[in-house]
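Okay, structure first, notes after.
The values are calculated or read from the model by the stated rules, or taken from the named source; none is laboratory data. Because the structure is a prediction, the values reported are computed rather than measured. When we count neighbours, we look across all protein chains shown, and the Cβ atoms used for this are built from the backbone with ideal geometry, even at glycine. Surface areas here come from the heavy atoms of the whole protein model, side chains and all, with no ligands, DNA or RNA. Shrake-Rupley method; radii C 1.70, N 1.55, O 1.52, S 1.80 Å.
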Amino acid sequence: MNLVIVCTTLLLLLFFGFPVALTMGVSGIVYFLLTGGIDYFPMIVNRIYGGMDSFVLICIPFFILAGDMMNRSGITERLVNLSNLIVGRLPGSLAQANIVASGIFASISGSALGDVAAIGSVFIPAMKKQGFSGRFSAAVTGASAIVSPIIPPSLIIILYAAVMDTSIGAMFVAAIIPGFLMVVGDMVMVHILSVKRNYPRRIDPISGRDAAKCIRDATIALVMPLIIVAGIVFGAFTPTEAAAVAVLYAFVVGVVFFRKMNFREILNSIFDSAMSSGKLFFIIACVGILSWAFAMEEVPQQIVALFSGLMDRPWLILLLTNLFLLFMGMWLDLTANIFLFAPILGPLIIAAGIDPIHFSMIFLLNVNLGNITPPLGIVLFATSELSLESVPDIVKDIWPFWISKAVVLALVTYMPWISMVLPKMMGFAG
Amino acid sequence: MIRFWTVFVDFLNVLTKWVILLGFSVLVALVLMQIVWRYILEWPLPWSDEAIRYLLVWVTLLAIARAFRNDEHLRLGALFYKCAKPIRNFLWILFNFLTLSFQTLLIIYGIPNAILGNFTNSPGLDISLFVPYLSVPVAAGIMLINQIDYTLFNFRVKEFGDIRKKRKVL
């Protein structure tokens, strides 16, 4: 009964727009009031502090800072040029370039909302100008942005690994094929729609000299994610060290190579990154209060007991967890989903004999897809704000992309080799 | 009185901003220094991990407190704005009450927790745990001041909800 009251409070507060972090904290406090009264209140401070004082999470602010510095260095413009070079001859070339740019930008930003802001602000006006409808431009931007949290190096992979104690390197490698499939799925959809709607393609050729400059500029930027991923996967750096090296690299690129960062820009970048990290850490800290309530109610054990009759049918367990996570992804931010539900579902998955790395990909794809699932997907609102198109209008054009991603999710769920082949090749899994 | 309050809150936020900037810069420098000492000089610093952790907690908590000034925390705001005005006003008052209560709890229970830390020293830096634990009540104090200021501002402009565009950027 206590749990029902807590979950109802959680959903109502979220639904009506109370900040996500505070919703977690207040719901946890409701549990304290229902069970131990104010005797449990000192726990609030312990959980807040304990949630933030983690060595694994130190890398997060550095990844955010490196991505922000790269963005301020004018990387978006260079990636747009590169994408245009790669797919500019295809039907609906600018929409295709939007998807490719998002896929590449993903390796630098690692955040869907960051992707929407950076890529969307360039592509949405440009696409409208070329004759694409506003809602289609917004839909392509939103749909392609959710590749960001999957393609490594990704912040949510690091968070998931920190919570579930899985290998970050293994997860980075496991995410490569699913991320690639998501990009390909979006491109196929754009191709079909562009042919059907007769969307324009680039006609003017790009000279060899311009192409070479475009590749050189983009390569300078793309070395950063390579340093991070290779450094972590091959064990040269810890994630924190890799992130700090990435900051140094982004600083050198911004100040020396592209010369876009002056002292004020550097200060702004540091401050904005600290603020973004603060907002993320606040969710992590407050989720700690609520997850303690879930642990006290033995929710993970109850879930395993509930599904004990289905242990010989892991496909059914996966189907049910997919539906649950997809639903929760519509409501909750990625971080909150990971910190709340990964520890609850983890024991069930292990009991059902499913590989934790395989499940981590299913989990992340699900909650990520929730970000563009109507009516509450947060990326839908971000693209709506940027494009000035209404959410229902964007939804009308985002469905084909949603379906393509759901197909990728189904493939990753029921064909484990898609996510497991690379970790096995790299020696992360048996 | 209102003028004095506004000047005080603005000063506090500018100060917080500079502390965050300085703290984050030192944080980056410390991690880079750690890499140099560990891999190049092959002489790992025994205190750096702890210093980084404590500094990160301070910086992020101050950033959280700063974010309350303009109500910048992540939320699903769309449904709130679709509610009828009386319901929206009721929700706004409820949300403010819950937020202020939460921040007050952090101060009330954060201070004894910090004092308790005074009796233990950290193994690496050999400083009292009062220093890192103090971050919670200090940040909660700034959160509370910012939340009160935000609430007063809402009443002053007679509009409950999204007032971000009307606030001065510090």
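Couple of notes before you dig in:
- The lone exception for B:Ser25 - which of (1) open to solvent by 20 Å² or more (accessible area, probe 1.4 Å); (2) more than 7 Å from every other protein chain (Cβ to nearest Cβ); (3) small (Gly, Ala, Ser) it fails: (2)
- So A:Thr76, is it more than 27 Å from B:Gln147 (Cα to Cα), out of contact with any Pro (no Cβ under 7 Å at 6 or more places or on another chain) and modelled with pLDDT under 85: yes
- Applying the criterion of being facing chain A (nearest Cβ under 7 Å) and surrounded by fewer than 21 Cβ atoms within 10 Å (Cβ to Cβ) to the residues of the stretch B:29-51, the residue that is farthest from A:Ile266 (Cα to Cα) is B:Asp49.
- Within the stretch B:54-87, the set of residues being of a type outside the set (A, V, I, L, M, F, W, C), at the interface with chain A (Cβ under 8 Å from one of its Cβ atoms) and free of Cβ contacts under 8 Å to residues at least 40 places away in the same chain comprises B:Thr60, B:His73, B:Arg75.
- The residues listed here are A:Leu181, A:Leu193; of these, the one that is over 23 Å from A:Gln130 (Cα atoms) and assigned to a helix (DSSP H, G or I) is A:Leu181.
- Pick from the stretch A:257-312, criterion among the aromatic types (Phe, Trp, Tyr) and part of a helix (DSSP H, G or I), ranking: farthest from A:Val26 (Cα to Cα): A:Phe257
- Search result, residues across the stretch B:92-126 that are assigned to a helix (DSSP H, G or I) and either hydroxyl-bearing (Ser, Thr, Tyr) or touching a Gly at 6+ places or on another chain (Cβ under 7 Å) (or both): B:Trp92, B:Thr99, B:Ser101, B:Phe102, B:Thr104, B:Ile107, B:Tyr109
- Of A:Leu310, A:Leu348, all but one fail to be open to solvent by less than 10 Å² (accessible area, probe 1.4 Å) and over 30 Å from B:Leu79 (Cα atoms); the exception is A:Leu348.
- Residues within the stretch A:22-35 that are of a type in the set (A, V, I, L, M, F, W, C), away from every other protein chain (no Cβ under 11 Å) and open to solvent by less than 20 Å² (accessible area, probe 1.4 Å), tallied: 0
- Any chance A:Met164 is open to solvent by 30 Å² or more (accessible area, probe 1.4 Å), more than 30 Å from A:Leu345 (Cα to Cα), out of contact with any Asp or Glu (no Cβ under 9 Å at 6 or more places or on another chain) and hydrophobic (A, V, I, L, M, F, W, C): no
Results for (1) modelled with pLDDT of 90 or more; (2) within 10 Å of chain B (Cβ to nearest Cβ), shown as yes or no for each residue.
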{"residue": "A:Pro42", "(1), (2)": "no, yes"}
{"residue": "A:Ile48", "(1), (2)": "yes, yes"}
{"residue": "A:Met52", "(1), (2)": "no, yes"}
{"residue": "A:Val56", "(1), (2)": "no, no"}
{"residue": "A:Met70", "(1), (2)": "no, no"}
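- In the stretch A:97-104 there is at least one residue matching the filter, namely being modelled with pLDDT of 90 or more, open to solvent by less than 30 Å² (accessible area, probe 1.4 Å), in contact with a helix residue (DSSP H, G or I) (Cβ under 9 Å, 6 or more places away or on another chain) and more than 14 Å from every other protein chain (Cβ to nearest Cβ).
- Filtered residues of the stretch A:115-139 (kept if touching a Lys or Arg at 6+ places or on another chain (Cβ under 9 Å), small (Gly, Ala, Ser) and crowded, with 24+ Cβ neighbours inside 10 Å): A:Ser137, A:Ala139
- Looking only at the stretch B:97-122, and only at residues there that are closer than 17 Å to A:Thr9 by Cβ and of a type outside the set (A, V, I, L, M, F, W, C), the one that is nearest to the other protein chains (Cβ to nearest Cβ): B:Thr99
- Some residue of the stretch B:27-50 being closer than 18 Å to B:Leu144 by Cβ and not in a helix (DSSP H, G or I): no
- Any hit, the stretch A:262-274, residues being open to solvent by 60 Å² or more (accessible area, probe 1.4 Å), among the aliphatic types (A, V, I, L, M) and facing chain B (nearest Cβ under 9 Å): no
- Selected residue [within 14 Å of chain B (Cβ to nearest Cβ) and open to solvent by less than 50 Å² (accessible area, probe 1.4 Å)] from A:Val247, A:Val183, A:Val229: A:Val247
- Odd one out for B:Gly110, checked against (1) open to solvent by less than 10 Å² (accessible area, probe 1.4 Å); (2) at pLDDT below 90; (3) under 17 Å from A:Pro42 (Cα atoms): (2)
- Flag for A:Val140 being over 21 Å from A:Lys213 (Cα atoms) and either assigned to a helix (DSSP H, G or I) or in contact with a Cys (Cβ under 9 Å, 6 or more places away or on another chain) (or both): yes
- Count - residues of the stretch A:36-48 that are open to solvent by less than 60 Å² (accessible area, probe 1.4 Å) and touching a residue at least 60 places away in the same chain (Cβ under 8 Å): 3
- Flag for A:Val391 being of a type in the set (Val, Ile, Thr), surrounded by 16 or more Cβ atoms within 10 Å (Cβ to Cβ) and within 14 Å of chain B (Cβ to nearest Cβ): yes
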